[in-house]
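Peer 1: Can you read through this structure? Questions will come right after.
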Amino acid sequence: MNTGTLDRFVMLWEKYFPGAGLPVTFELIDSGTEREDAERLPPSKNWRCIICDLAKVRKGKTLILGNDSVSCGGGRFFTGYEKERFPDFRYFLSCGKPGFMEGERYKIDPETVDEAIKSDRHIPIEGKEYLFKRWDMLGPADNPEVVIFFAKGEILSGLFTLANFDRGDPFGGVVCPFGSGCCTVIYYPWFEQQSENPRAVLGMFDPSRKALRSG
């Protein structure tokens, strides 16, 4: 990435959003790539949320996240490491199954879940891993595919305006899809940047307690 672009962004960011944390980026790299500037996230024996790991990146740590690094079922699906959702997901996201699982009640019924996920796609992750870096850690050899802003309201207002700066369609610059944290900062943004007219994705509205604790 052009160092002039990197430096100019930092200068303008500090000018207009003084004191705000810099964004996090990611790109897909070849599996097994060793980077002196990155720490490979070790396998997890227990449930672990990707958003927790991004908190480390926000503090300046560069991470490589691969197939063995992701233990959460949702995280595995939205990063592409799992191709299918777990059995009875339609009940998990809605009303649950008596005596079997308690539903999250994010959708009114299983049929609505079916409708919501019928357009599921998969990030082509075969032979690839994720490299997460904070903006100021990027160098000339990096080529970030997605930039993630963790922003308060006043900063979000500015970013929203910028996303619509070159759009005549008042609905064409930003989308706010339903999804978990990793879905809205990894899955949807990656597919948007592959499209002909990519839009910014507004997300991180998952009300789950685990998501709130990790955010």
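So that you can scan it fast, the table gives a plain yes or no per residue for (1) under 22 Å from the mean Cα position of the chain (by Cα); (2) within 26 Å of P140 (Cα to Cα); (3) open to solvent by 90 Å² or more (accessible area, probe 1.4 Å):
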site: D7; (1), (2), (3): no, yes, yes
site: A55; (1), (2), (3): yes, yes, no
site: E84; (1), (2), (3): yes, no, yes
site: F89; (1), (2), (3): yes, no, no
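Peer 1: Among the residues of region 62-81, which ones are free of Cβ contacts under 8 Å to residues at least 60 places away in the same chain and either touching a strand residue (DSSP E or B) at 6+ places or on another chain (Cβ under 7 Å) or of a type in the set (D, E, K, R) (or both)?
Peer 2: Correct list: D68, R76.
Peer 1: Shifting gears a bit: State the number of residues belonging to region 76-92 that are in a helix (DSSP H, G or I) and of a type in the set (D, E, K, R). Spell out how you get there, then give the answer.
Peer 2: Of the residues in region 76-92, the ones in a helix (DSSP H, G or I) are 76-79, 89-92.
When the remaining residues are screened for being of a type in the set (D, E, K, R), the result is 76, 90.
Selection size over region 76-92: 2.
Peer 1: Every residue in region 28-53 that is surrounded by 17 or more Cβ atoms within 10 Å (Cβ to Cβ) and not in a helix (DSSP H, G or I), please. Walk me through it before giving the result.
Peer 2: Of the residues in region 28-53, the ones surrounded by 17 or more Cβ atoms within 10 Å (Cβ to Cβ) are 28-29, 38, 41, 48-51, 53.
L28, I29, A38, L41, R48, C49 - these are the residues of region 28-53 that are surrounded by 17 or more Cβ atoms within 10 Å (Cβ to Cβ) and not in a helix (DSSP H, G or I).
Peer 1: Okay, next question. What number of residues in region 141-158 are more than 19 Å from the chain's Cα centre (by Cα) and open to solvent by 80 Å² or more (accessible area, probe 1.4 Å)?
Peer 2: 2
Peer 1: Somewhere in region 103-125, is a residue touching a Ser or Thr at 6+ places or on another chain (Cβ under 9 Å), acidic (D, E) and at pLDDT below 95?
Peer 2: Applying the first criterion (touching a Ser or Thr at 6+ places or on another chain (Cβ under 9 Å)) to region 103-125 yields 103-113, 123, 125.
Narrowing the set further to residues that are acidic (D, E) leaves 104, 109, 111.
Narrowing further to those that are at pLDDT below 95: 104.
The answer is yes, given that some residue of region 103-125 is touching a Ser or Thr at 6+ places or on another chain (Cβ under 9 Å), acidic (D, E) and at pLDDT below 95.
Peer 1: Against the definition (touching a His at 6+ places or on another chain (Cβ under 8 Å), open to solvent by less than 40 Å² (accessible area, probe 1.4 Å), on the phi > 0 side of the Ramachandran plot and small (G, A, S)), how does G60 come out, yes or no?
Peer 2: Numbers: touching a His at 6+ places or on another chain (Cβ under 8 Å): no; open to solvent by less than 40 Å² (accessible area, probe 1.4 Å): yes; on the phi > 0 side of the Ramachandran plot: yes; small (G, A, S): yes.
Here the answer is no, as G60 does not meet what is asked.
Peer 1: So in region 159-185, with the set limited to residues that are among the hydroxyl-bearing types (S, T, Y) and surrounded by 16 or more Cβ atoms within 10 Å (Cβ to Cβ), which one is modelled with the lowest pLDDT? Give the derivation first.
Peer 2: As a first pass, look at region 159-185 and keep what is among the hydroxyl-bearing types (S, T, Y): 161, 180, 184.
Retained after the next criterion (residues that are surrounded by 16 or more Cβ atoms within 10 Å (Cβ to Cβ)): 180, 184.
Details: S180: 93, T184: 96.
Checking each candidate, the answer is S180.
Peer 1: Moving on to the next point. Looking at (1) closer than 22 Å to R48 by Cα; (2) open to solvent by 20 Å² or more (accessible area, probe 1.4 Å); (3) in contact (Cβ under 8 Å) with a residue 60 or more places away in the chain, find the lone condition where Y188 falls short.
Peer 2: The failed condition is (3).
Peer 1: Follow-up question, since we're still on this one. Scan region 118-131 and report the pairs whose first residue is more than 14 Å from G32 (Cβ to Cβ) and whose second residue is loosely packed, with under 12 Cβ neighbours inside 10 Å, with Cβ atoms within less than 9 Å and a gap of 6+ or a chain change.
Peer 2: H122/K83
Peer 1: Give the number of residues within region 9-27 that are part of a loop (DSSP other than H, G, I, E, B) and either open to solvent by 70 Å² or more (accessible area, probe 1.4 Å) or not aromatic (F, W, Y) (or both). If you could, list the steps in order and put the result at the bottom.
Peer 2: Initial filter on region 9-27 (part of a loop (DSSP other than H, G, I, E, B)): 17-23.
Applying the additional criterion that residues be either open to solvent by 70 Å² or more (accessible area, probe 1.4 Å) or not aromatic (F, W, Y) (or both) yields 18-23.
Total meeting the criteria: 6.
Peer 1: Working only within region 118-162, note down all residues that are in contact with a Pro (Cβ under 9 Å, 6 or more places away or on another chain), farther than 21 Å from L202 by Cβ and in a loop (DSSP other than H, G, I, E, B). Give the steps one after another, and end with the answer.
Peer 2: First, the residues of region 118-162 that are in contact with a Pro (Cβ under 9 Å, 6 or more places away or on another chain): 131, 133-135, 138, 145-151.
Next, from what is left, pick out any that are farther than 21 Å from L202 by Cβ: 131, 133, 138.
Correct list: L138 only.
The values are calculated or read from the model by the stated rules, or taken from the named source; none is laboratory data. Note that the structure is predicted; figures quoted are calculated from it, not measured. A quick note on method: Cβ atoms are made from the backbone with ideal geometry, for glycine too, and the neighbour counts reach across all protein chains shown. For accessibility, only protein heavy atoms count, side chains too; no ligands or nucleic acids. Shrake-Rupley method; radii C 1.70, N 1.55, O 1.52, S 1.80 Å.
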